[in-house]
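The values are calculated or read from the model by the stated rules, or taken from the named source; none is laboratory data. Bear in mind that the values here come from a model prediction, so they are computed numbers and not experimental data. Every residue, glycine as well, gets a Cβ built from its backbone with ideal geometry; the counts of neighbours run over all protein chains shown.
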Amino acid sequence: MADSDFIQALNSGIEQIRADGLYRRLRVIDSPQGRSISWNGRNYLNFSSNDYLGLAGHPQVVEGAAEAVRKYGAGSGASRLVCGSFQIHEELESRLAEFKGTEVALLFSSGYAAAIGTICSLLGPDDLLVSDKLNHASLVDAARLSRAQVEIFPHNDLDQLNSILKMAVSTGKNLRSGHRRRILIVTESIFSMDGDAAPLREMVELKEKYGAWLMVDEAHATGLYGNNRRGRIEELGLSDRVEIQLGTLSKAIGSSGGFICGPSALREWLINKARSFIFSTAPNPAASGAAIHALEIIGSEEGSRRVSLLWQNVKQLRDGLKLPFSEVQSAIMPLILGAEAAAISAMHALLENGIFIPAIRYPSVPRGSARLRITMSSQHLSQDINLLLGFLENLLQKDPQA
Ligand SMILES: *Cc1c(COP(=O)(O)O)cnc(C)c1O
């Protein structure tokens, strides 16, 4: 095998990835997620996790997972439509619906699977998907796989969105007999790599004006915004005006799995049509048990306290950095360094000082906009942030581009 055509083809591709400064490797962590993580026998202050509220390692959440495993076992055994639909899945779904204030929810094995299954079940070649330029890869891949026509508007650009919709409505009435062309606008509410917010209120107005549908990915907003911490849709009072809400259990909720919230017809449709739901084994009982307990915490006094701590930490870092971050606060703060090599060397400099912030490069972000992506958690202490600020100050002075 060693010098087979197969291995040679892979190796020459890998060489190219290295030459482009885009080579990736895995880091093997030997601790739970938390304020710090341990790797290669050393502790690093962790500014890289999406476990924004510190729930992934929370004793009650961990116990929720353990209880579920004791009751239902380690694996789900089959797809939900065969014999893998457990009572714990239904319980989590009704809690998610209640939490989000929607009629129903449906679980998927991941947020990625939820995006793929939902978009592909709703759109076909006659339909149009209108997508923000910076949407997450799961939404991009779903768009491609659906074979719908795709129009991409520049990030958060409402004028361009308006033009696309206007054009689509005037040209695309009845393509096939009996098929009214569907138009689906897709956006994140808080963008995963930039940490900025979509103008959801204006987008809702546009989609209503043109008779389009709206799908909002709240992966980085669920648990963090609004009076009930449902997300940005709640905070902006748009709960009744968004057709499809996508969420993940794997970020602030501290578990894993994805979900869709919306009207009950949507759940019924997805159970019948979403291939990533139908042809995939039901979510792990442990993940569902953990998520139920995490939602309980998020809805409690403790959840409210954790969210306040998170925003307090975000504020401390923002004030310290004095950079023009977006108006809406978020737990994601990118320091854009530009060149891939600059981001990598900044990451290594921080690692030497016991701080882990990942360098994010193409294809996660556009080429030439490589960055350090700082994520904040409610678990960080004020002293952690001061330490980080000290090192960043040095680093940014050395790199006038930042
Ligand atoms: C993480 C993420 C997803 C995918 O969720 P997983 O549960 O991790 O598969 C989808 N959309 C956005 C914006 C994300 O950041």
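Can you name the number of the only condition in (1) of a type in the set (D, E, K, R); (2) part of a helix (DSSP H, G or I); (3) surrounded by fewer than 24 Cβ atoms within 10 Å (Cβ to Cβ) that Arg306 fails?
Condition (3) is where Arg306 drops out.
Looking at (1) without any contact (Cβ under 8 Å) to a residue 60 or more places away in the chain; (2) over 27 Å from Ile332 (Cα atoms), find the lone condition where Arg25 falls short.
Every listed condition holds for Arg25 apart from (2).
Would you check if Leu53 is out of contact with any Asp or Glu (no Cβ under 6 Å at 6 or more places or on another chain) and either within 16 Å of the ligand (Cβ to nearest atom) or touching a residue at least 60 places away in the same chain (Cβ under 8 Å) (or both)?
Answer is yes for this residue.
If I ask for residues that are of a type in the set (Gly, Ala, Ser) and either modelled with pLDDT under 95 or under 18 Å from Gln160 (Cα atoms) (or both), which ones from segment 190-228 would you list?
Ala197, Ala198, Gly211, Ala212 - these are the residues of segment 190-228 that are of a type in the set (Gly, Ala, Ser) and either modelled with pLDDT under 95 or under 18 Å from Gln160 (Cα atoms) (or both).
Within segment 116-134, identify whether any single residue is in contact (Cβ under 8 Å) with a residue 24 or more places away in the chain, closer than 24 Å to Gly289 by Cβ, under 17 Å from the mean Cα position of the chain (by Cα) and buried (at least 22 other Cβ atoms within 10 Å of the Cβ), and answer yes or no.
Yes.
Considering only segment 337-359, state which residues are within 21 Å of Asn386 (Cβ to Cβ), part of a strand (DSSP E or B) and under 22 Å from the mean Cα position of the chain (by Cα).
Passing the criteria: only Phe356.
Kindly establish whether Ser288 is among the polar types (S, T, N, Q), in a helix (DSSP H, G or I) and more than 24 Å from Gly77 (Cα to Cα).
Working: among the polar types (S, T, N, Q): yes; in a helix (DSSP H, G or I): yes; more than 24 Å from Gly77 (Cα to Cα): no.
Against the criterion (among the polar types (S, T, N, Q), in a helix (DSSP H, G or I) and more than 24 Å from Gly77 (Cα to Cα)), Ser288 does not qualify.
Condition first: among the aromatic types (Phe, Trp, Tyr), over 30 Å from Pro59 (Cα atoms) and surrounded by fewer than 24 Cβ atoms within 10 Å (Cβ to Cβ). Can you find one or more residues in segment 272-279 that meet it?
yes
Grab the helices (runs of 4 or more DSSP H) fully contained in segment 84-187, keeping just those with 1 or more residues being within 13 Å of the ligand (Cβ to nearest atom), under 18 Å from Leu249 (Cα atoms) and of a type in the set (A, V, I, L, M).
So the answer is 111-122, 137-146.
Exactly one condition in (1) touching a residue at least 40 places away in the same chain (Cβ under 8 Å); (2) within 21 Å of Ile119 (Cβ to Cβ) is false for Phe153; which is it?
Going through (1) touching a residue at least 40 places away in the same chain (Cβ under 8 Å); (2) within 21 Å of Ile119 (Cβ to Cβ) one by one, Phe153 breaks only (1).
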